[in-house]
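Report on one structure; see the data block that follows.
The values are calculated or read from the model by the stated rules, or taken from the named source; none is laboratory data. Just so it is clear, the model here is predicted, and its values are computed rather than measured. Don't worry about glycine lacking a Cβ; one is built from the backbone with ideal geometry, like all the others, and counts go over all protein chains shown.
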Amino acid sequence: MRQRLAVLLLLLIPGLLGMRGFNQQIQLRVEGFLDADPGQVRPWANLEVNVGSARNTHRFMLTDIVSLSVGGPMGSDILEQVMPLHPNFIWNGDQALLDQISAAKPNQYVKIVGYLAFSPQSLLIQTVEISEPITGPTPTPSLRKEILGF
């Protein structure tokens, strides 16, 4: 009896939380900054993510989310489904990739590609790209200085 109730609850929880399952495997690209200051980054959304199974929680300043799967939901649809959840995303995968994400500094742009696994909240990471540290805007010389040298 308890097993049947547990299975029933597992099937009903996504519906009760407003999460819709996807009928296909969805590849997703997520871009932004890890633990950065929202005032400096101006993110599209401020997310809470767990990196790995150690419950290593970080703030992720989302600047772009794109569904790479043809005919699948848009990135904004997936974001809409995970916004009420805490953490918003749980990132799993190869430990080397997870360590690379956790080691990213707040001024490094992070680009993650992975597949949604089991729910919109769980992302199985395939690749991680981290930029060189961004140090801020560089001064642009005036046209006069560029042409005349003073």
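A few comments on the model shown:
- Per the conditions (1) at pLDDT 95 or above; (2) closer than 15 Å to His58 by Cα, the sole criterion not satisfied by Pro87 is (1).
- Filtered residues of the stretch 76-100 (kept if surrounded by 20 or more Cβ atoms within 10 Å (Cβ to Cβ) and of a type in the set (Gly, Ala, Ser)): Gly93
- Checking Pro38 against (1) surrounded by 14 or more Cβ atoms within 10 Å (Cβ to Cβ); (2) in contact with a strand residue (DSSP E or B) (Cβ under 9 Å, 6 or more places away or on another chain); (3) not acidic (Asp, Glu), the condition it does not meet: (1)
- Within the stretch 48-98, being part of a strand (DSSP E or B) and small (Gly, Ala, Ser) holds for Ser67, Gly93.
- Test set (1) surrounded by fewer than 20 Cβ atoms within 10 Å (Cβ to Cβ); (2) farther than 18 Å from Lys111 by Cα - Trp44 fails condition number: (2)
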